[in-house]
Amino acid sequence: MARVRYEAASRIYPGTDAPAVNELDLDIADGEFLVLVGPSGSGKSTALRMLAGLEFVDRGSVYINDVDVTLTPPRDRDIAMVFQNYALYPNMTVAANMGFALKQKGVPADERRKRVEEAARILDLEDYLDRKPKNLSGGQRQRVAMGRAIVREPQVFLMDEPLSNLDAKLRVQTRTELADLQARLGVTTVYVTHDQVEAMTMGDRVAVLNFGVLQQVDTPRNLYSRPSNLFVAGFIGSPAMNLISVAKPKGGVVNFCGQSHTLTADMAKDADKRKSGSFTFGVRPEHLSFSEPGSDSGAVKGRVTVVEELGSEAFVHVEVDGDKPDAKQTLVVRDEGETSITRDDNVEISITGPVHLFDNDGDRVDSHAQDDKS
């Protein structure tokens with residue numbers, strides 16, 4: 001097990017000016033499961049490959065257990081990597097695939113077999129050790145790839161979108177198994193995904209990147225409830241947070257879709273200090289609800305355009321007035337399952353939970369905003 005640290009680590013690919021990873025500062029605790037998440041091109045896989053030694057670090061340093069490994073060859077870093085492509089040898093059995101790296105290192109046959117059988121027991125692969133990869137399902141092949149990493153007993157596991165080739169149902173099952181496995185093994189793990197739901201359900205902490213820059217690193221709960229900037233607010237959460245452009249609040253009151261909403265004292269105090277002329281108001285779908293007509297004078301009026309029925313819940317898309325005449329916005333409201341609301345219904349929406357405010361630069365607005373960037 002090991003502590004991993006990036007110190008102002010940057011990677012600039014030849015022929016480009018913008019770094020793929022720009023001055024990444026990230027400290028990963030011993031035994032932690034940290035997820036790197038972001039859209040395509042955000043630098044998450046590059047950051048992982050820098051740690052593996054597969055990408056050169058142009059500036060800054062990478063440490064494993066306080067040892068500078070920036071220039072250390074990959075084979076000497078004591079890491080094991082699991083790729084999106086299982087990369088199993090088709091002519092070898094499961095047991096041979098899992099023990100191949102140990103054989104190359106000269107580990108005696110008895111010791112190899114012992115480690116392979118232990119990993120197979122952990123991964124529920126004991127009945128498949130004599131099979132070839134072609135006779136396994138996608139989920140079983142992924143577990144074999146995991147077993148190949150486990151038998152090496154590395155300091156750090158690196159996983160680059162290992163579940164991308166699985167179907168939706170199997171992905172849900174396998175990500176649960178992976179999270180449980182990592183917790184039992186206690187090996188420091190850095191996991192890359194573009195799927196924010198996967199990131200939120202698996203990681204002890206989640207690091208959000210965009211255009212090579214670390215936006216926020218925190219627990220899934222804090223990322224969701226206190227996003228440090230507009231990008232994180234829009235990226236984390238499914239469905240995404242409702243984000244509406246608004247004018248600068250006056251007297252602690254913001255005009256939200258034609259209705260007045262009173263901000264918290266912290267938000268009002270911080271908004272007054274900002275030079276921004278415009279802000280972005282955010283509210284999660286579950287913090288909106290439908291009101292009885294006339295029961296809430298501050299309710300936002302709108303027309304239903306889409307109802308997404310998911311069984312246990314429904315997401316209702318409502319067209320409302322925007323901040324300018326003739327401008328329309330869409331709010332998504334989470335409603336109970338088997339909702340009675342249908343397309344073209346006229347509805348009224350009330351805010352029932354916490355709201356968020358971001359300034360012109362996309363930074364979070366409240367008196368503790370600076371704390372969120374740490």
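The values are calculated or read from the model by the stated rules, or taken from the named source; none is laboratory data. From a predicted model like this one, the values you see are computed outputs, not experimental measurements. Neighbour counts are summed over all protein chains in view; Cβ atoms, including those assigned to glycine, are modelled from backbone coordinates with ideal geometry. When the accessible area is computed, the model is the full protein with side chains, heavy atoms only, and any ligands, DNA or RNA have been set aside. Shrake-Rupley method; radii C 1.70, N 1.55, O 1.52, S 1.80 Å.
Might you tell me the accessible area per residue for the chain, computed with a 1.4 Å probe and given in Å²? Display every interim value, and only then the final one.
Details: 17920 Å² over 374 residues.
Computed with neighbouring chains in place, this is 48 Å² per residue.
Distance check, please: which entries in Lys44/Lys114; Lys105/Lys134; Lys269/Lys328; Lys250/Lys301; Lys250/Lys275 exceed 24 angstrom between their Cα atoms? Could you put the intermediate results ahead of the total?
On the way: Lys44/Lys114 35 Å; Lys105/Lys134 26 Å; Lys269/Lys328 30 Å; Lys250/Lys301 22 Å; Lys250/Lys275 13 Å.
Violating the 24 Å Cα-Cα cut-off are Lys44/Lys114; Lys105/Lys134; Lys269/Lys328.
Note down the accessible area of Thr339, probe 1.4 Å, to the nearest 10 Å².
Thr339 exposes around 20 Å² with every protein chain in place.
How much of Arg141 can a 1.4 Å solvent probe reach, expressed as accessible area in Å² and rounded to 10?
70
Quick one: P(r) of the stretch 215-296 from all Cα-Cα pairs, 10 Å bins, percents rounded to integers, in order of increasing distance.
Taking every Cα pair in the stretch 215-296, the percentages come to 15, 43, 35, 7, 0.
Leaving ligands, DNA and RNA out of it, rank Glu32, Glu126, Glu308 by accessible area with a 1.4 Å probe, largest first. Could you put the intermediate results ahead of the total?
Working: Glu32 20, Glu126 105, Glu308 80 Å².
Solvent-accessible surface, decreasing: Glu126, Glu308, Glu32.
Count charges around Arg112 for me, please; just the other residues with Cβ under 14 Å from its Cβ, Lys/Arg as +1, Asp/Glu as -1.
On the way: positive: Lys103, Lys105, Arg113, Lys114, Arg115, Arg148, Arg152; negative: Asp110, Glu111, Glu117, Glu118, Glu153.
Here the charged neighbours net out to +2.
Rounded to whole Å and ordered largest first, report the semi-axes of the equivalent ellipsoid of the stretch 62-122 derived from its Cα gyration tensor (root of 5λ). Before the final figure, lay out the partial values.
Numbers: eigenvalues 133, 45, 26 Å².
In descending order the semi-axes read 26, 15, 12 Å.
Which order do the peptides 200-208, 177-185, 90-98 come out in when sorted by mean C-beta neighbours inside 10 angstrom, highest first? Show your work: numbers first, answer last.
On the way: 200-208: 21.6, 177-185: 16.0, 90-98: 18.8.
Top to bottom by mean Cβ count within 10 Å: 200-208, 90-98, 177-185.
What percentage of the solvent-accessible surface of the chain, computed with a 1.4 Å probe over protein heavy atoms, is contributed by carbon and sulfur atoms? Intermediate results must be reported in sequence, preceding the final value.
Working: 8350 of 17920 Å².
Heavy-atom surface of the chain belonging to carbon and sulfur, 1.4 Å probe: 47 percent.
Ignoring solvent entirely, what values of log10 I(q)/I(0) come out of the Debye formula for the stretch 185-254 at 0.12, 0.18, 0.19, 0.28 Å⁻¹ when each Cα is a single scatterer?
-0.39, -0.74, -0.80, -1.37
Please work out the ratio of the alpha-carbon Rg of the stretch 261-360 to 2.2 N^0.38 Å and round it to two decimals. Working shown, then result.
Numbers: Rg = 15.0 Å, N = 100, 2.2 N^0.38 = 12.7 Å.
Dividing the Cα Rg of the stretch 261-360 by 2.2 N^0.38 Å gives 1.18.
Rg(Cα) of the stretch 120-260 divided by 2.2 N^0.38 Å? Present the calculation step by step, with values, prior to reporting the outcome.
Working: Rg = 20.2 Å, N = 141, 2.2 N^0.38 = 14.4 Å.
Against the empirical 2.2 N^0.38 Å value, I get 1.40 for the stretch 120-260.
Considering every pair of different Cα atoms, what Kirkwood radius, in Å, is found for the chain? Please list the in-between numbers first.
On the way: mean 1/r = 0.0431 Å⁻¹.
Answer for the chain: a Kirkwood hydrodynamic radius of 23.2 Å.
Run through the stretch 38-132 and list the chymotrypsin sites (Phe, Trp or Tyr not before Pro) located in a DSSP loop whose Cβ has at most 14 other Cβ atoms within 10 Å. The partial results should precede the final answer.
Details: sites: Phe56, Tyr63, Phe83, Tyr86, Phe100, Tyr128; in loops: Phe56, Phe83, Tyr86.
Passing both the DSSP loop test and the Cβ count: Phe56, Phe83.
At 1.4 Å probe size, with no ligands or nucleic acids counted, give the accessible surface of Val67 in Å², nearest ten.
80
For the stretch 35-144, state what percent of all Cα-Cα pairs lands in each successive 10 Å bin, counting from 0 Å until the bin that includes the largest distance.
13, 33, 30, 21, 3
Nearest 10 degrees, 0 to 90: what angle lies between the long axis of helix 168-185 and the longest principal axis of the chain (Cα atoms)?
Computed tilt is about 60 degrees.
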